[in-house]
Amino acid sequence: MHRALGILTVVAYVTLPLGSESFEQLLVPTLLVGLVYSAFAIFAFPFAQRRGTAAAAVYVLVQLPLGFVLFALSGAAVGGVLLLVVLVAQSVLLLPLPAAAAVAAVIPLIHVRMAWPDGLREGLATLAVTGFTVVITELLVREQRARAELALANERLRGYAAQAEQLATTQERNRVARDIHDGLGHHLTVVQMLLQAARAVIDTADRDRLDGMLAKAQDQAKQALTEVRRSVAALREPRPEPLVDALRALASEVTEAGVPTDVEVRGAPRGSRAEVEESLFRAAQEALTNVRKHADATAATVVLDYGRADAVRLQVSDDGRGMVEQPGGGFGLVGLEERVAGLGGRVSVDSAAGRGVTLTVEVPA
């Protein structure tokens, strides 16, 4: 906009001789005053804009009477009016809008020395021009301001997008870590216990039992490899079998590993979101893995409760020695709490020495 006003100032100065009857008699004074006015308009205006309101007011108060003098010397030339129109546009850029409107209202007074019919006509025409200039300049200012605000908003959005991407990456890493712990850790624990049991009977004549244990260990190793591939590929595939069947298969594995485990279903089983069933299965998997590794339990129970219409509750309990450490000290429980919290559910652990551990997970259906 500054460049456009500068060009308009030069054009107005060049057109000073047009439309004037007395220009030849006052040629030198008109050109000198016009040169001073134009120089101020081109060079002093940016300075006043940088210095603030006080400098802007001084600039307008100097240019306004100087423009009146120039208009008189030029014999009411068109160029003189154009230079004053430039001042109106600059006032909008420098001053508050009411002050700029006051400048636009004062400029038509340049015709006050004319006969009143002609002066009134010319004054109204000039007022229309200056008013139009105020409106157009203000619209341009607002458009530039809106563009600047939009650019700032876009920059902030890019920053927010980068933060969201970083957060999503962190959440995905945590999810993969939970899947590796819950899935791979479970299967490797079963493999370890089956191999220990196989070693215990390797010197006996019970070849069928030994072969069955090794076959199960091999099957668990295959499942562990599948879990690794799922986690590395970061896939979120729904579990193919119903949750009740998956829990019974899990309980069967735990029973084979030496801890008899029962599954009890309360209420009518119903389908739930894939992420809900995945979280409940992982909760049972984590709890039963801890039962086998730490509890010294002789039995465990898994209860899947569909009694509430708006939630599903899973409870895993054992008769072992109880939790020695404070709940929440292990990565598995922390990962489980994160997983369930992401679904709006809650996790609670009840334990006491000699009374075993009861893990309760409740997730909105």
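Order 27-34, 254-261 from most to least packed using the mean count of other Cβ atoms within 10 Å. Can you show the working numbers first?
On the way: 27-34: 16.9, 254-261: 19.1.
The packing order, highest mean first, is 254-261, 27-34.
Calculate the dipole size of the chain relative to its Cα centre from +1 charges on Lys and Arg beta carbons and -1 charges on Asp and Glu beta carbons; express the result in debye to the nearest 20.
On the way: 35 positive and 39 negative charges, 225 e Å.
For this selection, approximately 1080 debye.
How do 112-123, 35-46 rank on mean C-beta neighbours within 10 Å, highest first?
On the way: 112-123: 12.3, 35-46: 17.1.
Ranking the peptides 112-123, 35-46 by packing returns 35-46, 112-123.
Please work out the Kirkwood hydrodynamic radius for the chain, using every pair of different C-alpha atoms, and report it in angstroms with one decimal place.
Details: mean 1/r = 0.0359 Å⁻¹.
With all distinct Cα pairs of the chain included, I get 27.9 Å.
What shape does region 44-117 have by the C-alpha gyration tensor, where a ≥ b ≥ c are the square roots of the eigenvalues, rounded means a/c under 1.5, and otherwise prolate means a/b greater than b/c and oblate the rest? Walk me through the intermediate numbers first.
Working: a/c = 2.63, a/b = 1.86, b/c = 1.41.
Verdict is prolate for region 44-117.
Among Thr9, Leu333, Val316, pick out the residue whose Cα is farthest towards the positive end of the charge dipole of the chain, where Lys and Arg carry +1 and Asp and Glu carry -1 on C-beta, about the Cα centre.
Thr9
Enumerate the calculated ³J(HN,Hα) couplings along region 259-274 in order (Karplus 6.51 cos²θ - 1.76 cosθ + 1.60, θ = phi - 60°), each rounded to whole Hz, writing x wherever the residue is Gly or Pro.
So the J values, rounded to whole Hz, are 10, x, 10, 9, 10, 10, 10, 10, x, 7, x, 9, x, 10, 4, 4.
Please give the helix 207-233 orientation as an angle from the longest Cα principal axis of the chain, in degrees from 0 to 90, rounded to the nearest 10.
The angle comes out near 0 degrees.
Could you provide, to the nearest whole Å², the per residue accessible area of the chain with probe 1.4 Å?
Working: 20080 Å² over 365 residues.
Roughly 55 Å² per residue, with all protein chains present.
Among 77-89, 262-274, 191-203, how do they line up from the highest to the lowest mean number of other beta-carbon atoms within 10 Å?
Working: 77-89: 24.2, 262-274: 12.8, 191-203: 15.1.
The peptides rank, most packed first, as 77-89, 191-203, 262-274.
Hey, if you put +1 on the Cβ of every Lys and Arg and -1 on every Asp and Glu Cβ in the chain, which of Phe47, Ser351, Leu124 ends up farthest toward the positive end of that dipole?
Leu124
In degrees from 0 to 90, rounded to the nearest 10, what is the angle of the helix 53-73 Cα long axis to the longest principal axis of the chain?
30
Over the chain, what is the relative contact order in whole percent, taking alpha-carbon pairs under 8 Å and six or more residues apart? Kindly include the intermediate steps, with their values, before the conclusion.
Values: 459 pairs, mean separation 37.1, N = 365.
Over the chain, the number comes to 10 percent.
Ignoring ligands, DNA and RNA, please state the percent of accessible area on the chain from carbon and sulfur, probe 1.4 Å.
The nonpolar share, carbon plus sulfur, comes to 61 percent.
What do you get for the angle between helix 116-179 and the principal long axis of the chain? Use alpha-carbon atoms, 0 to 90 degrees, nearest ten.
The answer is roughly 20 degrees.
The values are calculated or read from the model by the stated rules, or taken from the named source; none is laboratory data. Being a predicted model, the structure only gives us computed values, none of them experimental. Cβ: placed from backbone, ideal geometry, glycine included. Neighbour counts: every protein chain shown. What goes into the accessible areas is simple: the full protein's heavy atoms, side chains included, and nothing from ligands, DNA or RNA. Shrake-Rupley method; radii C 1.70, N 1.55, O 1.52, S 1.80 Å.
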